[in-house]
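A.B. asks: Quick one: structure below, then a few questions.
The values are calculated or read from the model by the stated rules, or taken from the named source; none is laboratory data. Just so we're clear, the structure is a prediction, and the values are computed from it rather than from any experiment. Reconstructed Cβ throughout: ideal geometry from the backbone, glycine too, with neighbour counts over all protein chains shown. What goes into the accessible areas is simple: the full protein's heavy atoms, side chains included, and nothing from ligands, DNA or RNA. Shrake-Rupley method; radii C 1.70, N 1.55, O 1.52, S 1.80 Å.
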Amino acid sequence: MLTDAYSLRGNVFQFSEQHNYIKPNDDRALDLMSRAAEAIMEEFKDIVLAYGQSDEYSFVFKKNTNVYNRRASKLATNVVSLFASSFVYYWPRYFGTQMMQYPPAFDSRTVLYPSDKNLRDYLSWRQADCHINNLYNTCFWKLIHEKGLTPAESQERLKGTMSSDKNELLFKEFEINYNNLSAVHRKGTILLRAKNDQINGDLDLGLQLIPSGSSTARGGQSAKSQRVVSNLRAGKNSRPNIDRLHIDLIGDQFWTDFPEILDPPKR
């Protein structure tokens, strides 16, 4: 079962402009979104994973959850109301003395996916969307900030371009290797419950977005990420904290490393 909290749906551009968000990515806003999502996970213990990017977060409840007797409307309203209040409550922590100009609007939905594959496909779609949008926005704002193009000119310059064209533009005109940019911007944020206090915090394991089922996805995990997985499985010094990971969840490796997400241990 999955519940989405779509932040600022319908007026995200207006909200970001009114509150002077840094373009193309404002880490204050992204961190605030993740903090609000963590508040959801702290309240709803049956959430096994959350994934967020841009103005949205998705929350995966364990298969056998009985929260609110599995009533979709009750889950959606309670998740989104707590998300909205947490967003407002934690705003000063990330934006300091910058006042919120007006209340943000959120909406949500609850979906019961019939299979693990359907759930994985959905989350893969959201992470792929994160990559596609970030690549475009990085090019779009670089052309404006460093080449002096207007928004309309930048949009026209990028019209009809493929991902390879955008990567080449960044490398040739701005000496930027897209794969070296921050993983939180390219891959979004995965929230998992921590089991080892040595890994609490933000984790960038350096994994690439790899097509599901590829040999690289199955065997290309770094030694660092392998140590993290080992620590998580050991369960030592456990405490109820939540880790932020910025890694690939499209390939098989993530689901192999964290099988308890789809197949929680029996109690």
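A.B. asks: Taking only region 18-53 into account, find how many residues are more than 16 Å from residue 91 (Cα to Cα) and open to solvent by 10 Å² or more (accessible area, probe 1.4 Å).
C.D. replies: Number satisfying all stated conditions: 10.
A.B. asks: Can you tell me how many residues in region 171-192 are within 16 Å of residue 249 (Cα to Cα) and assigned to a loop (DSSP other than H, G, I, E, B)? Don't jump to the end; show me each part of the working.
C.D. replies: Just the residues of region 171-192 that are within 16 Å of residue 249 (Cα to Cα), to begin with: 183-192.
Next, from what is left, pick out any that are assigned to a loop (DSSP other than H, G, I, E, B): 188.
Number of matching residues: 1.
A.B. asks: Among the candidates 102, 90, single out the residue that is at pLDDT 95 or above, aromatic (Phe, Trp, Tyr) and under 30 Å from residue 40 (Cα atoms). Full working, then the answer.
C.D. replies: Values: 102 fails: at pLDDT 95 or above.
So the residue among 102, 90 that is at pLDDT 95 or above, aromatic (Phe, Trp, Tyr) and under 30 Å from residue 40 (Cα atoms) is 90.
A.B. asks: Here is a follow-up. Looking only at region 146-168, which residues are in a helix (DSSP H, G or I), among the aliphatic types (A, V, I, L, M) and farther than 15 Å from residue 132 by Cα? Show your work before the answer.
C.D. replies: Residues of region 146-168 in a helix (DSSP H, G or I): 146-147, 151-158, 163-168.
Then keep just the ones that are among the aliphatic types (A, V, I, L, M); that gives 152, 158.
Matches in region 146-168: 152 only.
To keep it simple, each residue is scored yes or no on (1) in contact with a His (Cβ under 6 Å, 6 or more places away or on another chain); (2) modelled with pLDDT under 50; (3) buried (at least 19 other Cβ atoms within 10 Å of the Cβ).
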| site | (1), (2), (3) |
| --- | --- |
| 171 | no, no, no |
| 176 | no, no, no |
| 181 | no, no, no |
| 184 | yes, no, yes |
| 190 | no, no, yes |
| 197 | no, yes, no |
| 201 | no, yes, no |
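A.B. asks: How many residues does region 160-193 contain that are closer than 13 Å to residue 138 by Cα and polar (S, T, N, Q)?
C.D. replies: 6
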